[in-house]
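Here the structure is laid out as structure tokens; the discussion comes afterwards.
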Amino acid sequence: MADKVIILRTGNSSASAGTGIDYAALLNPAQLEAVMHDEGPALVIAGAGSGKTRIIVYRVARLIEKGVPPQAILMLTFTRRAAQEMLGRVEQLVGERCRQVAGGTFHSFANVMLRRYGQAIGLSPNFTILDRGDMEDLINLLRAQMGLASSEHRFPKKSTLAEMISIARNKARTLEEEIALEYPHFIDQTEKIVRLASAYADYKRSRGLLDYDDLLYTLAELLHNNAEIRRRISALHRYIMVDEYQDTNPIQAELISLLADYHQNVMAVGDDGQSIYSFRGADFRNILEFPKRFPNARIIKVEENYRSLQGILDLANEILAGASRKYTKTLFAHRVGQFTPILVRAQDEPMQSRFVAQRILELREEGVELGEIAVLFRSSFHSFDLELELQRRNIPFVKRGGFKFIETAHIKDALAHLRVVANPADMVSWMRVLKLIPGIGDRKAHAIVETLSKANDAPQELKALAELMRSKSHKAADGLARLAALLSEIRSDRARPADQLAVVLQYYVPLMRDEYPDDYPKRERDLEHFHEIAQRYRSLEALLTDVALEPPSDSVGDVLATDSDDELLTLSTIHSAKGLEWKVVFIIWAAEGRFPPLQSIDPEQLEEERRLMYVAVTRARDELYIVYPIRMFDRVLGYTLGQASRFLEGISPQTLMTASLEEEST
DNA sequence: CTTGGATTCATTTTT
DNA sequence: TGAATCCAAG
């Protein structure tokens, strides 16, 4: 506590302005202690379903009641959806005042802060965010430029390169260490990879581009080097709450320290049993480090479970009991009622899908709404077969996690046109746009981008180039002229992004039909859907930022008649189901080789897989069905006999009933 | 130089 | 199964 911060308190701190919530009556003692915690650091260790959200919601409500201005509270959560859900519940308690609570993911918060204060370290407020695909494309481009061409024997491909570079930063390692540790087979390429990585870093810096990791690192750098800004941000957000703390990585932990530097008011909420993001650099040991970073931290443990019936918790406890690292928590249920989870063995995948679909229809007959049901799986492709089955039976669903439709080639193509308008220095998007024109390949596109980077009026320059080509009767001349016309039209257009996109689509859709003669109708629907999304935005920058940071996840397969979320079944990866709950949960593909996947071999990874199963199981409130097929298709081995996931082996029959499906004859 | 066909290859989870 | 890369024809 070096400097003192003078804080202007608005509102009356003694009178409770709200309706007067009777916290003691609504919360158990451990929860109450957490909610009533005032100043100073606190760590809340809360088991699954023990009311983590509840604690955060009530604490926010209480702080606001106490007179803390809502904008002084900062909620860092894992997804924006989680933040919105929490704020929705706070709103029910204290009304609309809570709308001004700051919050979001680390990345989106960093984005806002950097646009506001980044100039102090020479960052333009118009920086562009690179998503993973952009990162890979740029790396590829630089690799070609540097002559580290693909003829190189065993040089890693772009996705691997991106992975190495990103993970190294997320785990706060050097690239050399990362290669030696995780990619020993590329160790003799280390020097080239490092050179490429630094070229990548230089390129981003010179063009005002930030990838996901840069958002966090640059904010840390800003806070670290600039005490004045650090003080301002810290004074603005005097109460910080971090959800899912077990999944923060070292750089995020560092950010929290910096943000809390002047007031130390951090409440971290987490559960070491639910750490499932180590592949992103998270380490559950972070949670143990918390008291070291904040020496006077108060530690509060919450174990009582409000979500699930005891039968479901018994299974969760048994799964975790099999872990090599023992957890001290044992969940016990607050609710009364009995249900024993069922392990269902299906003959093959179609049967698994039929069982799930059929049971869902039965549940609906029993009065369970679709919105109260979820199907969870380890990897997003596991649900493909089920998606077809659901479509056949007209069961509407949303799919969370996995491939975003924003990442499909046609959406990225359309997007690239908008991006070159927003940021003419965006070389990757230029390449993409140019190569769509028939007659322009890698070489020509490069040459044009080179010329454009020296010009200050891109459409004008393109027009000139088109003229030049026409005189040589080059076949790309017409296409290039059309592009020039398009760009000058939407650039001058001060209209909303949706209108700009509409113009782009007029130009792009004919090109797309030629490129994808087989399935362009489906792609056109995607583009229309994207156009609808664009309607919500008033500025192009905001649209592009959200696309990178909060990509709309509705997948192509959605049966989207209505937009009302509550009548849709949820399909989700377990990772994306984090923090959510449903009345009835199905877990599919609970088979060896799928869950855990084949490639999780080392003990650390397997431990994480086990925690993942624990997370999946504890999403259920009332009913839980775990399904796996015994006939599995493997591309190498053909059909093989599948076994239930090892995490379900040896569970006593009282805890997990087993059943197998009979072939129905219809 | 561009493009299309042939061949190979590896195959999680996310901001 | 599909995407990435290689190769040869136009």
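All other residues whose Cβ lies under 12 angstrom from that of A:Leu93 are scored, Lys and Arg at +1 and Asp and Glu at -1, for a net of +1. Projecting the Cα positions of A:Gln506, A:Ala485, A:Thr545 onto the charge dipole of the stretch A:449-556 (unit charges on Cβ atoms of Lys, Arg, Asp and Glu, taken about the Cα centre) puts A:Ala485 furthest along the positive direction. Computed over the alpha-carbon pairs of the stretch A:142-210, the distance histogram in 10 Å steps reads 19, 56, 23, 2 percent, short to long.
Only helical runs count toward this figure. For chain A, summing -39,500 (n - 2.57) over DSSP H runs of n ≥ 4 and dividing by all residues gives -15000 deg cm²/dmol at 222 nm. Working from the Cα coordinates of the stretch A:286-349, the gyration tensor eigenvalues give, after taking √(5λ), semi-axes of 32, 17, 9 Å in decreasing order.
Taking every Cα-Cα distance in chain A and sorting them into 20 Å bins from zero, the calculated P(r) comes out as 16, 47, 33, 4, 0 percent. For the pair A:Gln119 and A:Leu26, label points projected 7 Å from Cα toward Cβ lie 4.3 nm apart.
Rounded to 0.05, the FRET efficiency of the A:Phe381 and A:Gln92 pair, given R0 = 45 Å and the Cβ-Cβ distance, is 0.75. Listing A:Leu612, A:Leu32 from fewest to most neighbouring C-beta atoms within 10 Å gives A:Leu32, A:Leu612. Legend: ranking of residues A:Arg232, A:Arg443, A:Arg207 from fewest to most surrounding C-beta atoms inside 10 Å; resulting order A:Arg443, A:Arg232, A:Arg207.
Straight-line reach from A:Lys52: which aspartates and glutamates have a Cα under 15 Å away, not including same-chain ones fewer than 8 places off? Output for A:Lys52: A:Glu33, A:Glu85, A:Asp243, A:Glu244, A:Asp247, A:Asp271, A:Asp272, A:Glu303, A:Glu304, A:Glu581. The slack in the chain from A:Glu450 to A:Tyr306, taken as 0.36 nm per residue of separation less the alpha-carbon distance, amounts to 45.7 nm. Neighbour counts of other Cβ atoms within 10 Å put A:Trp430, A:Trp582 in the fewest-to-most order A:Trp430, A:Trp582.
Evaluated with a Cβ-only charge set (Lys, Arg +1; Asp, Glu -1), chain A carries a dipole of roughly 1680 debye about its Cα centre, given to the nearest 20.
Each Cα pair under 8 Å and six or more residues apart adds its separation to the average, and for the stretch A:297-418 the resulting relative contact order is 20 percent. Listed by chain and number, the lysines whose alpha-carbon sits under 19 Å from that of A:Lys475, ignoring those within fewer than 8 places in the same chain, are A:Lys435, A:Lys444, A:Lys463. Size estimate for the stretch A:151-252 follows the Kirkwood approach: the inverse of mean 1/r over distinct Cα pairs works out to 15.8 Å. Beta bridges per DSSP, both residues in chain A: antiparallel share near 10 percent.
Multiplying the residue separation of A:Gln535 and A:Leu361 by 0.36 nm and removing their Cα-Cα distance gives an extension gain of 59.1 nm. Each Lys or Arg adds one and each Asp or Glu takes one away; over the other residues whose Cβ falls under 14 Å from the Cβ of A:Arg116, this sums to +1. For a paramagnetic label modelled at 7 Å from the Cα of A:Gln71 toward its Cβ, which residues of the stretch A:224-249 fall within the zone defined by backbone nitrogen distances under 20 Å? It comes to A:228-241, nothing else. For the residue pairs A:Lys157/A:Lys578; A:Lys158/A:Lys399; A:Lys412/A:Lys522; A:Lys192/A:Lys404, alpha carbon separations beyond 23 Å are given by A:Lys157/A:Lys578; A:Lys158/A:Lys399; A:Lys192/A:Lys404. Orientation-averaged projection of the stretch A:293-393 equals 10.3 nm² [convex hull of Cα atoms, one quarter of hull surface area].
One Cα centroid belongs to the stretch A:476-532, the other to the stretch A:408-460; the line between them spans 14 Å.
Residue separation of A:Glu369 and A:Met657 scaled by 0.36 nm, minus their Cα-Cα distance, works out to 101.2 nm of gained length. For the stretch A:485-550, the square roots a ≥ b ≥ c of the C-alpha gyration tensor eigenvalues yield an a/c of 1.5 or more together with a/b not exceeding b/c, which makes the shape oblate. For the stretch A:20-172, the calculated P(r) over all alpha carbon pairs, in 10 Å bins from 0 to the bin holding the longest distance, is 9, 26, 25, 18, 13, 7, 2, 0 percent. Stokes-Einstein diffusion for the stretch A:185-235, with the hydrodynamic radius set to the Kirkwood value over Cα pairs and evaluated at 20 °C in a medium of 1.002 mPa s, equals 164 µm²/s.
The numbers here are math on the coordinates, done by the rules we state, and not lab data. Since the structure is predicted, the reported quantities are computational estimates derived from the model, not experimental observations. Every residue, glycine among them, receives a Cβ derived from its backbone with ideal geometry; neighbour counts consider all protein chains shown.
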